[in-house]
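The values are calculated or read from the model by the stated rules, or taken from the named source; none is laboratory data. Keep in mind that what you see is a predicted model, and the values were worked out from it rather than measured. All Cβ positions, even for glycine, are placed from backbone atoms using ideal geometry, and neighbour counts span all protein chains on display.
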Amino acid sequence: MRINRRRFLKTVAVAGAAGVGLARGPVILAEGAPASKLRTAVIGCGGRGRSHLGTAVGERLVALCDVEDNRLAGAMKFVTDPKTLERYKLSAVDAGSVKQYTDFRKMLDEMHKNVDAVFVATPDHNHAAAAMRAIKYGKHVYCEKPLTHDIWEARALAEAAREHKVVTQMGNQGHCGEGYRRLVEYIQAGAIGTVTETHTWCDNSICPCGGTGGRPPAKPVPAGLHWEQWIGTAPYRDYHDNLHPARWRGWWDFGSGLLGDWACHLIDGVPWALNLRHAASVEAVESTDGGEEMFPAWNCVRWEYPARGAQPPVTAYWWDGKKDGKGNRPPLADELEKKYDRKLGGKGSLYIGDKGIMYTGAYGGGTSFLPAQRQKEVPEPEKTLPRNGGIFDEFVQACKGGAPTTSNFPDSAGPLTEMILLGILAMRAGPGKKLLWDGPNLKCTNVPAVNRYVKREYRKGWEV
């Protein structure tokens, strides 16, 4: 019998509250690893990778990997800093026992017998290659969002995680927060009636999008940067400006624009609360100021989902970009601000029901009703979803046999990433082209030319 996600999570929550143990898959630890500590490896030590180091060293850090020598040195300085040791109640970290690499393939090939859990924080285009290699070695994987660069990769990682029975988690922190859990519980309890439309928006990011010009001129690779390893799975190009570090998100070959950068934190509640899986169609209603190299800087994307049993069809919108200091938001957000004297900000989501409206901000924060008095009119729903702590704590405890992770690849992160990347596929097609989508088979049925973006051709040696 196939148990749906909602029933499974409710069972976990009830069992946890009652102190009942659930049967779990095997807990796999590396040879000789003490059960109380995971042997950890971190791939990508700068940017978001810095947030992983504390959890990794708080367990038992055995390996670091980064394509930049300076970042490797900075990571080692952090994990051996007395302040770090004090924070994580460690007596010492033997720097000599932490192996350092610039190529995650070599690290995993050499170290896999001594590693239990891997943290992946590379640029988007190398997420899948690193995570898949770790999974195939039987390692638990925590990977930054968005889970992958291409749609096929999200499905492949979900299937591999299920096949190899490893613990997985994507780094969309709000998924483990109270805001999204209350949103899901209220909506599924009927607090705002039947929801048929959602709007999500994001007005800014650190990633520069937009640019109709060509590729910048090539430059010498900076000393200490291992360019072959940075390029990884992507088509090879020479080093140039506005790419590394941190600015790669706006480039088609490496990042996923504002939609990929922020949707995991903003649109997460849409498929979760409404039990959405495969969209029937997707369209870039508006998409401007982009080019062959870089993402459009101003976008509106629309997904259309079919009815699910007794639940009616749903239309979901995404709005992003900023011009002349004004963010790209749905007109409805402006109307509601005036109507209810309520600031909704530059990032958020609206859930439109026939009995009311709910709002969430970034990471599910600020979950509330519009109008506010609606909350007093509906009974508070039962807490059916598990509360397992923060996203890192949940991952570590699941690796040690605790409650399952909630942003795992097969059930949550993979499907959410597919939705987001499908929106990017619509941007690739261009505005006004409605793509009919065959979700189970991962293909567009009416504009076959875009299917080449579902799965890229990998460079030799960097296959997923």
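Brief remarks follow.
- The range 149-203, residues that are assigned to a helix (DSSP H, G or I) and hydrophobic (A, V, I, L, M, F, W, C): Ile151, Trp152, Ala154, Ala156, Leu157, Ala158, Ala160, Ala161, Cys176, Leu183, Val184, Ile187
- Qualifying residue in the range 311-319 (condition: at pLDDT below 95 and farther than 21 Å from Asp268 by Cβ): no
- Yes/no for Glu163 being outside the structural domain of Gln375 (by TED's automatic domain parsing), free of Cβ contacts under 8 Å to residues at least 24 places away in the same chain and over 20 Å from His226 (Cβ atoms): yes
- Residue match in the range 332-341 (condition: in contact (Cβ under 8 Å) with a residue 60 or more places away in the chain and either touching a Leu at 6+ places or on another chain (Cβ under 9 Å) or not in a loop (DSSP other than H, G, I, E, B) (or both)): yes
- Pair list, Cβ < 7 Å and 6+ apart or interchain, from the range 24-49 residues that are at positive phi to residues that are modelled with pLDDT under 90 and not in a strand (DSSP E or B): Gly47/Pro245; Gly47/Ala246
- Residue within the range 47-64 that is within 20 Å of Ile391 (Cβ to Cβ), at pLDDT below 85 and surrounded by fewer than 20 Cβ atoms within 10 Å (Cβ to Cβ) present: no
- Scan of the range 77-102 for residues that are at pLDDT 95 or above and part of a helix (DSSP H, G or I), ordered by number: none
- Extreme residue, farthest from Ser256 (Cα to Cα), among residues of the range 304-320 that are touching a residue at least 40 places away in the same chain (Cβ under 8 Å) and in contact with a Leu (Cβ under 7 Å, 6 or more places away or on another chain): Val314
- Every pair of residues 6+ apart whose Cβ atoms lie under 9 Å, when the first sits in the range 348-364 and is touching a residue at least 40 places away in the same chain (Cβ under 8 Å) and part of a strand (DSSP E or B) while the second is charged (D, E, K, R) and surrounded by 19 or more Cβ atoms within 10 Å (Cβ to Cβ): Gly348/Arg329; Ser349/Asp268; Thr360/Asp268
- Unique match (being under 22 Å from the mean Cα position of the chain (by Cα), surrounded by 15 or more Cβ atoms within 10 Å (Cβ to Cβ), of a type in the set (S, T, N, Q) and more than 29 Å from Ile135 (Cα to Cα)) among Thr367, Thr406, Thr384, Thr417: Thr367
- Yes/no for Arg181 being out of contact with any helix residue (DSSP H, G or I) (no Cβ under 6 Å at 6 or more places or on another chain), more than 24 Å from Ser287 (Cα to Cα) and crowded, with 20+ Cβ neighbours inside 10 Å: yes
- Lys106 being assigned by TED's automatic domain parsing to the domain that holds Val166 and assigned to a loop (DSSP other than H, G, I, E, B): no
- Residue match in the range 449-461 (condition: assigned to a loop (DSSP other than H, G, I, E, B), hydroxyl-bearing (Ser, Thr, Tyr) and not assigned by TED's automatic domain parsing to the domain that holds Gly260): yes
- When residues of the range 74-92 are limited to those that are of a type in the set (A, V, I, L, M, F, W, C) and within 30 Å of the chain's Cα centre (by Cα), the one nearest to Val42 (Cα to Cα): Ala75
- Just one of the listed residues (Ala130, Ala95, Ala117) is among the small types (Gly, Ala, Ser) and more than 22 Å from the chain's Cα centre (by Cα), namely Ala95.
- Extreme residue, farthest from Val141 (Cα to Cα), among residues of the range 404-427 that are in a helix (DSSP H, G or I) and of a type in the set (Val, Ile, Thr): Ile424
- Conditions (1) at pLDDT 95 or above; (2) buried (at least 19 other Cβ atoms within 10 Å of the Cβ); (3) more than 26 Å from Lys136 (Cα to Cα); number of the one not met by Val42: (3)
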